[in-house]
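The values are calculated or read from the model by the stated rules, or taken from the named source; none is laboratory data. Please read all numbers here as calculations on a predicted model, not as lab measurements. Note that each Cβ is placed from the backbone with ideal geometry, even for glycine, and that neighbours are counted across all protein chains shown. The area values use the complete protein model at the heavy-atom level, side chains included, leaving out ligands, DNA and RNA. Shrake-Rupley method; radii C 1.70, N 1.55, O 1.52, S 1.80 Å.
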Amino acid sequence: MSRPQPEARSAYRHFLPITTRWMDNDIYGHVNNVVYYSYFDTVVNQYLIAQGVLDIHAGEVIGLVVETQCNYFAPLAFPQTVEAGLRVARFGTSSVRYEVGLFAEGEPLTAARGHFVHVYVDRTTRRPAPLPASLVQALEKLR
């Protein structure tokens, strides 16, 4: 298996600038690894809300994270703007694999990149549910 490598901006379809916060840094002076996952959540959910396909309070289906992974290539730190790139690698009947690249502002290659998988479930029963047609349309834009 080959070692993961940084990727270029052209590999991503949607970007969101995220302002780092003082509390994002750890004692070593860079963004703590757990914060990267919050950036992943932020870019995905911002996109879905902006597309009108995620109603966090009353939507019939919700996405539950069932898998995550991140590779780190260069440090990010406060005060810095992170540019989160987003794409969809694949989706099925009830699941989506989102891939995210985190870039230091203006940098050509990812400082970190990773993915997470959402399984969409019925809000009440928590059983897998088909992706709504409107969500599929929004996901197609990220392929």
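Which ones in segment 39-61 are in contact with a Phe, Trp or Tyr (Cβ under 7 Å, 6 or more places away or on another chain), open to solvent by 30 Å² or more (accessible area, probe 1.4 Å) and either under 15 Å from Leu102 (Cα atoms) or part of a helix (DSSP H, G or I) (or both)?
none
Against the conditions (1) in contact (Cβ under 8 Å) with a residue 60 or more places away in the chain; (2) of a type in the set (Asp, Glu); (3) more than 22 Å from Ala58 (Cβ to Cβ), where does Glu107 fall short? Just the number, please.
The number of the failed condition is (1).
Please work out if Ile56 is in contact with a helix residue (DSSP H, G or I) (Cβ under 8 Å, 6 or more places away or on another chain), among the aliphatic types (A, V, I, L, M) and free of Cβ contacts under 8 Å to residues at least 12 places away in the same chain.
Numbers: in contact with a helix residue (DSSP H, G or I) (Cβ under 8 Å, 6 or more places away or on another chain): yes; among the aliphatic types (A, V, I, L, M): yes; free of Cβ contacts under 8 Å to residues at least 12 places away in the same chain: yes.
Yes: the conditions hold for Ile56.
Determine which member of the set Ala112, Ala129 is within 29 Å of Gln80 (Cα to Cα) and surrounded by 14 or more Cβ atoms within 10 Å (Cβ to Cβ).
Going through Ala112, Ala129 in turn, just one is within 29 Å of Gln80 (Cα to Cα) and surrounded by 14 or more Cβ atoms within 10 Å (Cβ to Cβ): Ala112.
Every residue, every condition in (1) among the aliphatic types (A, V, I, L, M); (2) touching a Pro at 6+ places or on another chain (Cβ under 8 Å); (3) under 26 Å from Thr20 (Cα atoms); (4) at pLDDT 95 or above, yes or no:
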{"residue": "Val44", "(1), (2), (3), (4)": "yes, no, yes, yes"}
{"residue": "Tyr47", "(1), (2), (3), (4)": "no, no, yes, yes"}
{"residue": "Val53", "(1), (2), (3), (4)": "yes, yes, no, yes"}
{"residue": "Pro75", "(1), (2), (3), (4)": "no, no, yes, yes"}
{"residue": "Pro79", "(1), (2), (3), (4)": "no, no, yes, yes"}
{"residue": "Val100", "(1), (2), (3), (4)": "yes, no, yes, yes"}
{"residue": "Thr125", "(1), (2), (3), (4)": "no, no, no, yes"}
{"residue": "Ser134", "(1), (2), (3), (4)": "no, no, no, yes"}
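Those residues that are hydroxyl-bearing (Ser, Thr, Tyr), under 24 Å from Ala89 (Cα atoms) and open to solvent by less than 40 Å² (accessible area, probe 1.4 Å), I need them from segment 18-38; list them, please.
Result: Tyr36, single match.
Hey, Arg3 hits all of (1) under 23 Å from Leu139 (Cα atoms); (2) surrounded by fewer than 13 Cβ atoms within 10 Å (Cβ to Cβ) but one; which does it fall short on?
(1)
Scan segment 62-90 for residues that are open to solvent by 30 Å² or more (accessible area, probe 1.4 Å) and not in a strand (DSSP E or B) and jot them down.
Phe73, Ala74, Pro75, Phe78, Pro79, Gln80, listed by residue number.
For segment 91-132, name all the residues that are within 18 Å of the chain's Cα centre (by Cα), polar (S, T, N, Q), part of a loop (DSSP other than H, G, I, E, B) and over 17 Å from Val35 (Cβ atoms).
Ser94
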